[in-house]
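The values are calculated or read from the model by the stated rules, or taken from the named source; none is laboratory data. What you are looking at is a predicted structure, and each value in this text was computed from that prediction instead of being measured. So basically every Cβ, Gly included, is an ideal-geometry build from the backbone, and we count neighbours across all protein chains shown. Surface accessibility is based on the protein's heavy atoms, side chains included, excluding ligands, DNA and RNA. Shrake-Rupley method; radii C 1.70, N 1.55, O 1.52, S 1.80 Å.
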Amino acid sequence: SSCLSLCARAAAMKSKSCSLRQALRFQRPTCTVLQRRRKTKRGSAPLVSRKWWNCLPHWIALYAERGRHRKCWEGHRLLSDCQDGRRHGSCNRCGEQPRAGTPIMVCQTCRFSRCNDCLAGARLPRLSEDPLFHGPNQPCLLKPAFGDNALTGRGTVIVCPGGNYEFLCPIEGYPIAQWLVRHGIQALVLRYRLLPKYCFRDALDDLEAAVENVRRHRDGPVAAIGFSAGGHLVSSLALRLARKGRQNAEPLDAQILVYPSIDGSDWLHPWNHGFWNQDCCKNAPSLMEGQQALMGGRGFAAPPTFIVGSTSDKVCPPKEHTDVYVEALKQRDIPHHYVRGNLGEHGFGLDKSWSEACISWLQARHFGHPVKTRTWAGHLLAGRGS
């Protein structure tokens with residue numbers, strides 16, 4: 001899908017002649033530069049050289065989710081077939097086995113199969129066309145194309161994908177923005193700077209710049225949603241402004257943290273850091289900035305929070321991450337909603353186990369379309385939110 005790129009440099013917070021308000025008003029792809037930068041030939045270069053693409057982590061390669069052609073996780077083309085109940089098992093996405101005689105698509109090399117319902121879902125862009133995989137030196141806000149009806153909603157949510165501060169996970173980017181847009185909430189995906197070339201402060205600068213510019217050019221409340229490392233980034237923003245003595249000027253009206261990485265000690269572990277490129281270990285200590293405060297110590301700060309943790313998550317288990325953060329919220333009487341349970345392994349992304357409750361929580365804070373309520377006589381009234 002076409003996207004709108006809004007270059008967001010953190011050093012300068014002043015917008016140029018084409019404002020962000022204008023950019024959000026028109027559907028045609030345009031670019032709003034927030035800071036003049038020297039043109040470079042490698043400005044849109046990929047995060048990783050093409051010769052290493054076959055070695056990328058599976059959650060970045062995502063052959064089964066990308067491009068026009070249907071493929072399996074190994075990149076083999078899928079062919080049309082029929083479920084016979086013997087040769088083909090359950091769908092590799094939803095886990096359900098279609099009835100015998102149902103058309104499906106299968107891989108003849110491996111046992112991969114997809115049902116028609118899962119095949120009908122939206123596709124991610126090819127790796128060569130994915131803006132989250134390109135432009136490592138150009139932090140920006142990305143907006144997928146949508147209809148005019150989505151612009152009638154209230155509030156803006158900045159989407160911060162995870163990726164261990166090394167990549168930006170595509171299923172935690174555009175699909176999340178599209179989900180929010182369907183509920184009348186303006187959504188922008190933040191492409192922030194990553195390791196190993198940049199450090200944690202650069203990524204946090206990008207988020208702070210994005211929030212300030214959205215506040216300057218958009219009406220209504222502003223929130224941010226972060227997944228995994230993106231959740232660590234979003235939750236760290238309030239700590240930074242609290243250290244600056246700006247507790248009264250909340251940068252965000254709300255934050256949503258989905259399986260966030262709160263305890264960053266693994267990033268310093270020689271084997272458990274999870275980095276694909278070992279060079280990331282050089283700037284990994286920068287990720288520990290404000291770690292004590294983030295774990296509930298002195299300097300802890302947070303806006304109203306919606307937080308999600310899965311008991312089957314072995315990467316960010318709730319006992320070490322979300323439980324600790326929620327306890328700090330309780331001690332300071334910060335409004336929060338905690339969804340905890342066996343929701344799936346790390347990286348499950350958008351799921352009904354938390355998404356429906358999250359939309360209701362956002363609507364109560366004046367995001368999205370006004371909630372309609374009924375009187376005793378059954379007449380629809382526009383809700384005012386709570």
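Tabulated values for the structure
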quantity	calculated
Accessible area per residue, Å², segment 181-234 with all protein chains present, probe 1.4 Å	25 Å²
Shape category assigned to segment 301-353 from the gyration tensor of Cα positions, a/c cut at 1.5	prolate
Sequence of 129, 212 when ordered by accessible area, the most exposed leading, probe 1.4 angstrom	129, 212
Segment 185-237 shape via C-alpha gyration tensor axes, a/c threshold 1.5	prolate
Highest-first arrangement of 220-230, 102-112, 173-183, where packing means the average Cβ count within 10 Å	220-230, 173-183, 102-112
Derived scalar couplings ³J(HN,Hα) [segment 72-82; Karplus, 6.51 cos²θ - 1.76 cosθ + 1.60; whole Hz; x for Gly, Pro]	8, 5, 8, x, 7, 5, 8, 10, 5, 8, 10
Cα shape, segment 249-358, gyration tensor, a/c 1.5 rule	oblate
Residue 201/residue 126 FRET efficiency (R0 35 Å; Cβ-Cβ; nearest 0.05)	0.60
Distance (nanometres) between label positions extended 7 Å along Cα→Cβ at residue 82 and residue 332	6.2 nm
267, 73, reordered so the largest accessible area comes first (probe 1.4 Å)	73, 267
Spatial separation of Cα centroids for segment 256-299 and segment 76-136, in angstrom	34 Å
Per residue accessible area of segment 260-313, 1.4 Å probe, in Å²	44 Å²
Residues with amide H under 5 Å from that of residue 71, placed H, sequence gap 5 or more	78
Rounded FRET efficiency, nearest 0.05, which uses the C-beta distance separating residue 360 from residue 51 and R0 of 35 Å	0.15
Cα-centred dipole magnitude for segment 190-302, charges only on beta-carbon of K, R (+1) and D, E (-1), debye, nearest 20	260 debye
Karplus (6.51, -1.76, 1.60) ³J(HN,Hα), θ = phi - 60°, over segment 164-169, in Hz, Gly and Pro reported as x	6, 6, 10, 10, 10, 5
FRET efficiency, 1/(1 + (r/R0)^6) with R0 41 Å, evaluated for residue 342 and residue 279 via beta carbons	0.70
Packing-based order for 82-88, 185-191, 358-364, using average beta carbon neighbours within 10 Å, highest first	185-191, 358-364, 82-88
Residue-by-residue Karplus 3J(HN,Hα) for segment 262-270, coefficients 6.51, -1.76, 1.60, Hz, glycine and proline x	8, 8, x, 5, 5, 5, 9, 6, x
Cross-link pairs 244/282; 143/352; 71/319; 244/352 - those with Cα-Cα distance over 31 Å	71/319; 244/352
